[in-house]
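In what follows, a structure is listed as structure tokens, so that the remarks can point back to it.
The values are calculated or read from the model by the stated rules, or taken from the named source; none is laboratory data. The model shown is predicted, which means the values in this text are computed figures rather than measured ones. Cβ atoms come from the backbone with ideal geometry, glycine included; neighbour counts cover every protein chain shown.
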Amino acid sequence: MTYTASPTTLAMLTALLEARTGQQLAANRAWRLDIALKPILRDHDLASLDALVETMMVGDVPLLADRIVDALVNSESSFFRDAPVFDLILEACAAVEAAGRRPRLWSAGCATGQEPLSLAMLFAERSAPGALMPEIVATDVSETALARAREGRYTQFEVQRGLPIGRLMRWFDGRDDEWTASPELTRAVQFRRCNLVADHVPPGRFDLVLCRNVLLYFAPAAKAEVFARLATALRPGGLLVLGAGETVIGQTQLFAPSRRFRGLYEKVAEPARRAA
Ligand SMILES: C[S@@+](CC[C@H](N)C(=O)[O-])C[C@H]1O[C@@H](n2cnc3c(N)ncnc32)[C@H](O)[C@@H]1O
């Protein structure tokens, strides 16, 4: 794969991505540009990334910058990613239910929907009498990823990542190597767009927010800003779920490792924060 961007083009694409999403494009990930932007070059009959950036700057192709940003964000996901965390989520929600409330969950950075649909499956499979589906809100900055999530359509490769055959047969309808999630699952999730560095968080307080593998490439200041927004979206004592390789330690005072649910993070109460 040839790398076709001049340093100016590279700097402009990097700045665009960071301004729109908070994500930084590390130099060692610049190789992704060629692959990610190739379909846009083809659609607009452009020969290089330099030509793409020039076209974007002229501004006569509507929504070109949006499309570039959508192509550059990493929407990698899989069903039941880091599976043990889903047992913890069930336990945490059982505690909310025991307190007499229907849990509210937010999948922030839901990509193409595997994460919220895994939650919907998890809760739909509970056999306890009267067990209700929690409220599940799922958001992403990428309209392209969200459109796919709303459709609930996946390739053979995608369903093979994380779905055992029993779950696949129970919850998906397969045709021509394409699998469509049951409407019972897609109806259980409210999908909407939310840019974590620019938009209001979804209304109402949540019991648990998943923000997994989203902040990995954010600059420290943008990360801190997002943690603050996630904290405002959570009820007192609400829980934050990060990706397997992520932590709040050294990044924010607003969350601390949960003593009750090991591996999750708990919103720190205001007085405790002031005392710290
Ligand atoms: C690698 S995927 C992770 C998907 C899922 N959470 C998981 O762990 O499988 C990261 C997602 O974060 C989204 N994202 C990146 N920056 C964002 C922002 N500023 N606001 C909202 N979503 C963002 C991307 O569009 C992408 O879909």
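Only one of these conditions is not met by Leu163: (1) part of a loop (DSSP other than H, G, I, E, B); (2) loosely packed, with under 14 Cβ neighbours inside 10 Å. Which number is it?
Condition not satisfied by Leu163: (2).
Listed here are the residues, each with its yes/no results for (1) closer than 28 Å to Gly152 by Cβ; (2) of a type in the set (Asp, Glu); (3) within 14 Å of the ligand (Cβ to nearest atom); (4) outside the structural domain of Ala145 (by TED's automatic domain parsing).
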| position | (1), (2), (3), (4) |
| --- | --- |
| Ala27 | no, no, no, yes |
| Leu41 | no, no, no, yes |
| Asp50 | no, yes, no, yes |
| Glu97 | yes, yes, no, no |
| Trp106 | yes, no, yes, no |
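For residues in segment 21-55 being more than 13 Å from Tyr217 (Cβ to Cβ) and basic (Lys, Arg), which is surrounded by the most Cβ atoms within 10 Å (Cβ to Cβ)?
Result: Lys38.
Residue by residue, here is whether (1) at pLDDT below 95; (2) β-branched (Val, Ile, Thr); (3) more than 18 Å from the chain's Cα centre (by Cα) holds:
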position: Phe157; (1), (2), (3): no, no, yes
position: Asn195; (1), (2), (3): no, no, no
position: Asp207; (1), (2), (3): no, no, no
position: Arg212; (1), (2), (3): no, no, no
position: Ala231; (1), (2), (3): no, no, no
position: Gly243; (1), (2), (3): no, no, no
position: Val248; (1), (2), (3): no, yes, no
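Pick from segment 134-156 the residues that are out of contact with any Asp or Glu (no Cβ under 9 Å at 6 or more places or on another chain) and either surrounded by fewer than 22 Cβ atoms within 10 Å (Cβ to Cβ) or not small (Gly, Ala, Ser) (or both): which of them is farthest from His200 (Cα to Cα)?
This residue is Glu151.
Against the condition assigned by TED's automatic domain parsing to the domain that holds Leu146 and not basic (Lys, Arg), how does Leu88 come out, does it pass?
yes
Going by what's in this entry, would Thr180 be described as β-branched (Val, Ile, Thr), surrounded by fewer than 20 Cβ atoms within 10 Å (Cβ to Cβ), within 19 Å of Phe80 (Cα to Cα) and in contact (Cβ under 8 Å) with a residue 40 or more places away in the chain?
The answer is no for Thr180.
Search segment 245-258 for residues that are without any contact (Cβ under 8 Å) to a residue 40 or more places away in the chain and pair each with any residue that is in a strand (DSSP E or B) and small (Gly, Ala, Ser) when their beta-carbon atoms are under 8 Å apart and the residues are at least 6 apart or on different chains.
Between residues of segment 245-258 that are without any contact (Cβ under 8 Å) to a residue 40 or more places away in the chain and residues that are in a strand (DSSP E or B) and small (Gly, Ala, Ser), the close pairs are Val248/Ala256.
Does segment 97-106 include one or more residues that are in contact (Cβ under 8 Å) with a residue 12 or more places away in the chain and under 16 Å from the mean Cα position of the chain (by Cα)?
So far as segment 97-106 goes, yes, one or more of its residues are in contact (Cβ under 8 Å) with a residue 12 or more places away in the chain and under 16 Å from the mean Cα position of the chain (by Cα).
Specify the residue that is farthest from Glu18 (Cα to Cα); the eligible residues are those in segment 66-94 that are small (Gly, Ala, Ser) and surrounded by 16 or more Cβ atoms within 10 Å (Cβ to Cβ).
Among them, the one singled out is Ala92.
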